[in-house]
Amino acid sequence: MDVSVRLRFLSEPDMVKAGVMDMEGCLEAVSDSFALIAKGDYLMGGPSENDHGHLIWFPPAPRGPRMPVAGPDRRFMAMIAYLGGDYHICGEKWYGSNIANRELGLPRSIHSIILNDPDNVKPLAFMSGNLLSQMRTGAVPGVATKYLARSGAETLGIIGAGMVGKTALLGIATAIKTLKRVYVYDVFESASEKFVQYAEKEIGIEAVIVHNMEDAVKDMDIVHIAASGEKLPAIDTNQLKKGALLCLTGAAEFVNDDWIGDCSIYADNWKLHQAFIHEMDYPREGIREEILSWAPSAPVIDAVYQGKLSGDTIKSVGDVIIGNAPARENPDDTIIFITSGMAVEDVAWGKKILDRANKENIGQILSFWDKQYWLK
Ligand SMILES: NC(=O)c1ccc[n+]([C@@H]2O[C@H](COP(=O)([O-])OP(=O)(O)OC[C@H]3O[C@@H](n4cnc5c(N)ncnc54)[C@H](O)[C@@H]3O)[C@@H](O)[C@H]2O)c1
């Protein structure tokens with residue numbers, strides 16, 4: 001037995017070299033992770049085995065001289081998973097998020113990925129995680145679109161022109177070849193302008209800036225929301241075109257409850273959202289509001305929490321992929337897809353990248369020990 005512990009360190013340029021920006025490969029990894037969830041061959045954290053992650057909530061007032069305080073999209077999160085099948089890997093994504101970072105010239109969130117051998121528990125890799133996380137986040141609406149968008153979908157409305165908005169466009173345009181035009185709405189015109197450049201130059205999709213949210217919602221075959229700011233986007237689902245697919249990748253509000261009954265709901269993994277609902281009863285002041293302030297599935301989980309909607313009607317995409325649940329049944333159905341992001345997606349794409357890096361010897365090998373101190 002090799003008792004040394006050596007792991008592969010992959011910087012962001014190494015991740016690019018190893019293919020992290022390959023959306024076709026990422027769609028496959030995310031789709032595999034959904035199918036493994038549906039087969040039960042996975043574990044995530046917490047007693048539910050489906051927790052999104054372990055969160056550091058900063059309090060409204062500091063309790064120590066340097067303790068950070070609550071702010072929009074401000075958190076640290078540890079997301080852990082085992083993924084089975086051919087992946088057979090354990091891992092964690094650890095990240096911090098603070099929208100004030102934008103003023104420092106830093107991304108809103110900074111991610112690290114650690115992968116471990118599930119049997120001898122050795123760490124295998126430490127990876128720069130931003131691109132990996134953004135790609136898997138964009139692949140999720142891509143997979144959802146493949147199964148849930150109306151056939152021949154041509155138009156996409158993007159609300160929030162940030163990193164996730166861009167990779168969502170890449171995921172959707174890679175998953176369905178019928179997409180013709182994207183309409184983008186962001187509170188900052190400069191963000192929309194950068195998005196248009198990305199869409200047209202990098203992906204080759206015609207992109208149009210719109211100046212109010214309604215224009216990115218009405219007449220769209222697919223609408224994608226991933227906005228991060230002081231005020232959540234507020235959507236009137238009555239403005240959605242019949243047969244539209246609305247992907248909630250980032251938090252949003254619904255201006256009324258008309259969507260209940262009017263729309264079918266699909267989730268990346270409904271059990272994970274149920275875990276949020278259970279957490280809302282934890283005896284901590286303001287916990288429900290905290291969860292609802294950032295969980296992308298907030299309107300849906302709150303409707304279930306309040307008894308306005310039965311969770312039994314909500315299907316998970318993995319069940320669709322393995323044939324245990326129907327995909328879109330009618331071209332006129334309006335579908336809402338909720339996703340919070342899951343550690344299984346990070347470790348799935350991470351494992352594929354690590355395999356490529358191992359094969360091509362990309363990155364650096366770092367050593368913990370040849371033989372552990374107490375075992376010498
Ligand atoms: N579901 C997941 O797996 C997942 C993963 C990563 C991020 N997210 C969520 O996606 C959101 C976006 O993340 P990002 O990394 O792209 O952030 P980002 O900071 O790169 O971009 C967010 C964009 O949203 C815009 N915006 C803010 N409020 C808006 C509004 N009301 N209407 C329209 N645009 C608005 C901002 O101007 C900015 O351009 C975050 O809320 C994050 O929590 C979800």
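The values are calculated or read from the model by the stated rules, or taken from the named source; none is laboratory data. Since the structure is predicted, the reported quantities are computational estimates derived from the model, not experimental observations. Reconstructed Cβ throughout: ideal geometry from the backbone, glycine too, with neighbour counts over all protein chains shown.
With respect to the conditions (1) within 16 Å of the ligand (Cβ to nearest atom); (2) closer than 16 Å to Trp270 by Cα, Ala303 lacks only one, and its number is (1). Residue-level analysis places Thr178 among those that are in a loop (DSSP other than H, G, I, E, B), of a type in the set (Val, Ile, Thr), under 20 Å from Ala327 (Cα atoms) and assigned by TED's automatic domain parsing to the domain that holds Gly243. In the set (1) out of contact with any Ser or Thr (no Cβ under 6 Å at 6 or more places or on another chain); (2) over 18 Å from Ile113 (Cα atoms), Asp333 fails one condition alone, (1).
With respect to Ala226, is the statement that it is within 12 Å of the ligand (Cβ to nearest atom), under 30 Å from Ile322 (Cβ atoms) and of a type in the set (Gly, Ala, Ser) true?
Numbers: within 12 Å of the ligand (Cβ to nearest atom): yes; under 30 Å from Ile322 (Cβ atoms): yes; of a type in the set (Gly, Ala, Ser): yes.
Taking the combined requirement at face value, the residue satisfies it.
Return the residues of region 57-77 that are part of a strand (DSSP E or B) and either more than 15 Å from the ligand (Cβ to nearest atom) or touching a residue at least 60 places away in the same chain (Cβ under 8 Å) (or both); say none if nothing qualifies. Write out each step before concluding.
Taking region 57-77 and keeping what is part of a strand (DSSP E or B), we get 75-77.
Of everything in region 57-77, just one residue is part of a strand (DSSP E or B) and either more than 15 Å from the ligand (Cβ to nearest atom) or touching a residue at least 60 places away in the same chain (Cβ under 8 Å) (or both), namely Arg75.
Filtering region 294-332 to residues that are of a type in the set (Asp, Glu) and in a helix (DSSP H, G or I) leaves Asp302, Asp312, Asp319. Scanning region 197-214 for residues that are in a loop (DSSP other than H, G, I, E, B) and either closer than 18 Å to Ile235 by Cα or of a type outside the set (A, V, I, L, M, F, W, C) (or both), we see that the one that is farthest from the ligand (Cβ to nearest atom) is Gly204.
Which of the residues spanning region 163-191 are more than 24 Å from Ile110 (Cβ to Cβ), without any contact (Cβ under 8 Å) to a residue 60 or more places away in the chain and either crowded, with 23+ Cβ neighbours inside 10 Å or away from the ligand (no atom under 12 Å from the Cβ) (or both)?
Restricting attention to region 163-191, the residues satisfying the condition of being more than 24 Å from Ile110 (Cβ to Cβ) are 172-185, 189.
Add one more test, that the residue is without any contact (Cβ under 8 Å) to a residue 60 or more places away in the chain, and what stays is 172-173, 176-185, 189.
Within region 163-191, Ile172, Ala173, Ile176, Lys177, Thr178, Leu179, Lys180, Arg181, Val182, Tyr183, Val184, Tyr185 qualify.
On the basis of being in the same structural domain as Ala252 (by TED's automatic domain parsing), in a loop (DSSP other than H, G, I, E, B) and surrounded by fewer than 18 Cβ atoms within 10 Å (Cβ to Cβ), does Lys194 make the cut? No; evaluated as a whole, the condition is false for this residue.
Pairs meeting the criteria (first residue in region 91-107 and within 9 Å of the ligand (Cβ to nearest atom), second residue among the acidic types (Asp, Glu), beta carbons under 6 Å, at least 6 apart or on different chains) are Ser97/Asp73; Ile99/Asp73.
Which one is nearest to Leu36 (Cα to Cα), of the residues in region 108-132 that are within 16 Å of the ligand (Cβ to nearest atom) and surrounded by fewer than 17 Cβ atoms within 10 Å (Cβ to Cβ)?
Let us first name the residues in region 108-132 that are within 16 Å of the ligand (Cβ to nearest atom), namely 108-113, 128-132.
Adding the requirement that they be surrounded by fewer than 17 Cβ atoms within 10 Å (Cβ to Cβ) leaves 110, 112.
Details: Ile110: 27, Ser112: 24 Å.
Among residues in region 108-132 that are within 16 Å of the ligand (Cβ to nearest atom) and surrounded by fewer than 17 Cβ atoms within 10 Å (Cβ to Cβ), the one nearest to Leu36 (Cα to Cα) is Ser112.
Taking region 1-49 as the range and being of a type in the set (S, T, N, Q) and part of a helix (DSSP H, G or I) as the test, the residues that pass are Ser31, Ser33. Does region 242-255 contain any residue that is touching a Lys or Arg at 6+ places or on another chain (Cβ under 7 Å) and more than 13 Å from the ligand (Cβ to nearest atom)? There is at least one residue in region 242-255 that is touching a Lys or Arg at 6+ places or on another chain (Cβ under 7 Å) and more than 13 Å from the ligand (Cβ to nearest atom).
Of all residues being assigned to a helix (DSSP H, G or I) and of a type in the set (Asp, Glu) in region 333-376, which is farthest from Tyr147 (Cα to Cα)? Just the residue, please. Before you say what the answer is, go through the steps one by one.
So in region 333-376, the residues assigned to a helix (DSSP H, G or I) come out as 343-360, 373-375.
If we keep only those that are of a type in the set (Asp, Glu) too, we end up with 345-346, 355, 360.
Details: Glu345: 18, Asp346: 21, Asp355: 28, Glu360: 34 Å.
Across region 333-376, the extreme among qualifying residues is Glu360.
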